[in-house]
1. Please quote Rg/Rh for region A:177-276 to two decimal places, taking the Kirkwood radius as Rh and restricting both calculations to Cα atoms.
2. Mind running the shape call on the protein assembly as shown? Use the C-alpha gyration tensor, a ≥ b ≥ c as the square roots of the eigenvalues: rounded below 1.5 for a/c, prolate if a/b tops b/c, oblate otherwise.
3. Give me A:44, B:71 ranked fewest to most by other Cβ atoms within 10 Å of their Cβ, as a rough exposure proxy.
4. From the square roots a ≥ b ≥ c of the eigenvalues of the alpha-carbon gyration tensor of region A:70-229, which class results: rounded (a/c under 1.5), prolate (a/b over b/c), or oblate?
5. Using the count of nearby Cβ atoms within 10 Å as a rough guide to exposure, how do B:101, A:427, B:15 rank from fewest to most?
6. Tell me, B:57, A:73 in order of fewest to most beta-carbon neighbours within 10 Å?
7. Counting DSSP beta bridges with both partners in the protein assembly as shown, what percentage is antiparallel, nearest 5?
8. I'd like the Karplus ³J(HN,Hα) series for region B:94-110: coefficients 6.51, -1.76, 1.60, θ = phi - 60°, whole numbers in Hz, and an x wherever there's a Gly or Pro.
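Every number here is computed from the coordinates shown, using simple stated rules; none is lab data. Remember, predicted model here, so these are calculated numbers, not experimental data. Because the Cβ atoms are built from the backbone with ideal geometry, glycine has one as well, and the counts that use them run over all protein chains shown.
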Amino acid sequence: MGILTRATRNLARRKTRALIVIIALSLALTLLIILPPSIDARQVLTQKVINSIIFSDGWINSTVTLSATEIQCDYPPPYLSSTISISDVNLPQPLMNESLYDKISSIPDVTSIVPTLDVLSTANRSYDIYGVPLDNVSLTEDPSILPSNITAGRNLRVGDSGVVILDEETAKNFSVSIGGTVSISGRNLTVVGIEGFEPQGYQAIMSLTDAQAITNATGEASSYLLFVDNMDNVNTVVSRISSLDPNLQVSDGLSQLDAAQPLESQINELSQSAQNNLNQIQATGLVEIGIAIIADVAIILFIMLYSVRERTKEIGTLKAMGASNITVLGQFMFEGVLLSVIAAVAAIAVGVFGVPTLSSLLLPTPQQVGVNPETLPNGTVILQRMTWGSKPFLGSGSNVISASITPEIMLIGLGAAVLLGALGSLYPALKAARTRPAEAMRYE
Amino acid sequence: MSDLVLKIENLTKTYKLGKRDVQPLTNLNLEVKKGEFTAIMGPSGSGKTTLLNVIGCIDKASNGKVLIDNVDIAKLPESKLYKIRRDKIGFIFQNFNLVPYLNARENVELAMELAGKFNGQRKQRAKDLLATVGLSGREQHRPQRLSQGEQQRVAIARALANDPAIILADEPTGNLDANNKREIVKLLADLNEKRGTTIIMVTHDEQVAAQTQRMLYLSDGKIIEDKQTQKESLFNSPSKSKEAN
């Protein structure tokens, strides 16, 4: 017989009372056990929604590439056509020829045109062959056509020919370094610089003339960047280009901005709403955890105070028999902790089976709608709604709210029960320990 | 002093009752020898129970000395008094004060557990003590399943558990019927005779007191009479008469 036997016998003596107390405690502890993983699962889900919004925001920003006096024109990629299926994404980019270049050049108010050629290589390891005009006018008008992240060697210069800049990965694939030679479609080019893999990825940048020669596209370009003398003339130039060929995709800085702004505000609203939702979930969860802790401690405090009062004579007898204050303190604290631990075991059992239902009752529903940007065949960018959490997304279960009671949470729950049991029973146990035996013996 | 187990010198106990000072014990002197069976008698409020509580270290003396086995308990703090209660004193209460959720053996064991005795040692000794008080076979019974006389026997076994220097019995027969009263007093007398246990017993009952070796009369917190008794046959009861025949 030891402290455990005495504690369990005492609980068993008042079965109904013990049962009611354990049920009340286990309700409070169930909250403590299920809320942290439930909040965490909602946090993870909402974070995914926020990430999709952040990604869309970045994507929308990246679509605004032109300033107010700039116009870009090209033929839309074939995979944006409704007649092309997703498996045809590697179809070659339609190119614009010299006659179109001449027609556009002759439009009044167009001050200069910077043609670039961006063609997917047909080599085993695909990379973009990117040709840029290496003349003074083009590089002055649009310096951004040159690589911005040179990590070794030098950048391209005006008048360069027969040279190339490779990204780090493509250079590795060619097993070439600065000064080395690569053969692309039978033409030897000297590597003069290496650029970081980010942000452009696999590409070989060279002069427009070299790129046109390699790809058998002499005089052709995939994109024209036009510079207009005045912002007020941009719309006129755009309509004149469109009239040259209705299939041309023409965009200008102002219309890009006009198209992006409503999407931006839609994204901001969604982002704000997701953040508010997350804050609300966390605040509600914390309040409920606080209530559960207070309830647990309060229940133990009151039941143990009642027990001390009810057992005053027993305390007096124990002290008369030579029990030390520490022994009495330990006895009552142990009883409080035992009650709490029994309740925690029940709470874990409830939590394991009831966490999905209970967490949806206890916490606000997380924001499950995010967005993904999509370009329509006509070049319009829209935000596609995406839903997480309600069902597996794209065959993966990782996007479903999946709060579960792990062994770690069970251990933490038991630890919390011990701690709260000790906290709740401390004052009653101290009261019992400090009871003077003579007074206790007189108590009826 | 070597055969004295208890020596009290000028013991005074004062406490406040509302605004009034109450002095249940006044300059009380007493010596008790090892192996003595002493009865303390006196009217209600004479200080009997207070004296017993002070000797039993569950109440503190206001003044004077209380030496148990030459240790002055009046000067000891609570952090040491519990050891005196545990090792030197055995209590028997009028209401038995058994722990209700423990059986007879466990109640006896509890006293030994508090003294730090090992489990195996405790169990055997508890059985032996229960046999000594005539409760063989009743070890597993909880207090509510024992008669009042049996409960008091368990309390006596519990008081003996740690071989105390003194057993303090506060009206041990106060709640018992005549038969049980006789049995309990006989048991205490036997323990005193056969084991040499020192017993100090508070009682109102002249017949019970007559079974002891010494009777002290208390009045207004002072011993007014201290006399050796001529041990009478137990209450001259029919059962005792039968035994005598």
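1. Ratio of gyration radius to Kirkwood radius: 1.14.
2. prolate
3. Placing the least packed residue first, the sequence is B:71, A:44.
4. oblate
5. Ascending number of Cβ neighbours within 10 Å: B:15, A:427, B:101.
6. A:73, B:57
7. Of the beta bridges lying entirely in the protein assembly as shown, close to 70 percent run antiparallel.
8. 4, 9, 6, 6, 7, 6, x, 9, 10, 7, 4, 5, 5, 4, 5, 4, 4
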